[in-house]
Amino acid sequence: MGRVNTPVLTISQRKELEAGLRDGHSHSFRMRCQSILLKSEGLTSKEVGSITGMCHISVNSWLTRYKSEGLSGLYTKPGRGRKPVLNRETDKESILEAVKANRQRMRTAKAEWESKSGKSVSDSTFKAF
């Protein structure tokens, strides 16, 4: 059995992590808070991973990041994930113009907008925007 890397948490750190677990914005952030709390109770990384649905390597990585950066280290850093195709500031006016010109024909409005902007989006993305 491997060694257990148990973080020693102060009362304020424990309260911060419990608040993050309870009120965290994203599911991944809440699971990261939970993994740190479980590790502080003396569980192994594999046990914590089976509870939170993470791999034991991820549990150790988040623990290392928490030790170096604190609670802010458990947030997902900006720049991760797919970037949006449509931008609210730059595309809003041109899409509204295309829709106003072809209110009854959304596909025609989308086709005209795509030809002018050079961007390609799905019908559902265009309608949702």
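In the range 77-129, what residues are touching a residue at least 12 places away in the same chain (Cβ under 8 Å) and either at positive phi or of a type in the set (Val, Ile, Thr) (or both)? Matches in the range 77-129: Val85, Ile95, Val121, Thr125. Is there a residue being assigned by TED's automatic domain parsing to the domain that holds Lys119, surrounded by 10 or more Cβ atoms within 10 Å (Cβ to Cβ) and among the small types (Gly, Ala, Ser) anywhere in the range 78-94? Yes: one or more hits. Applying the criterion of being among the small types (Gly, Ala, Ser) and touching a residue at least 24 places away in the same chain (Cβ under 8 Å) to the residues of the range 17-69, the residue that is farthest from Asn5 (Cα to Cα) is Ser26. In the condition set (1) at pLDDT below 80; (2) loosely packed, with under 14 Cβ neighbours inside 10 Å; (3) assigned to a helix (DSSP H, G or I), Gly70 is compliant with all but (1). For the range 52-108, a residue qualifies if it is more than 24 Å from Met31 (Cα to Cα) and polar (S, T, N, Q), and the qualifying residues are Asn87, Thr90, Ser94, Asn102, Gln104, Thr108.
Could you please let me know if Val48 is of a type outside the set (S, T, N, Q) and either surrounded by 11 or more Cβ atoms within 10 Å (Cβ to Cβ) or touching an Asp or Glu at 6+ places or on another chain (Cβ under 9 Å) (or both)?
Against the criterion (of a type outside the set (S, T, N, Q) and either surrounded by 11 or more Cβ atoms within 10 Å (Cβ to Cβ) or touching an Asp or Glu at 6+ places or on another chain (Cβ under 9 Å) (or both)), Val48 qualifies.
For the range 11-20, the set of residues classified as under 13 Å from Tyr66 (Cβ atoms) and either exposed (fewer than 13 other Cβ atoms within 10 Å of the Cβ) or of a type in the set (A, V, I, L, M, F, W, C) (or both) consists of Leu17 only.
The values are calculated or read from the model by the stated rules, or taken from the named source; none is laboratory data. The structure presented is a predicted model; accordingly, all values stated were derived computationally and were not measured. Ideal geometry is used to build each Cβ from the backbone, glycine not excepted, and the neighbour counts take in all protein chains shown.
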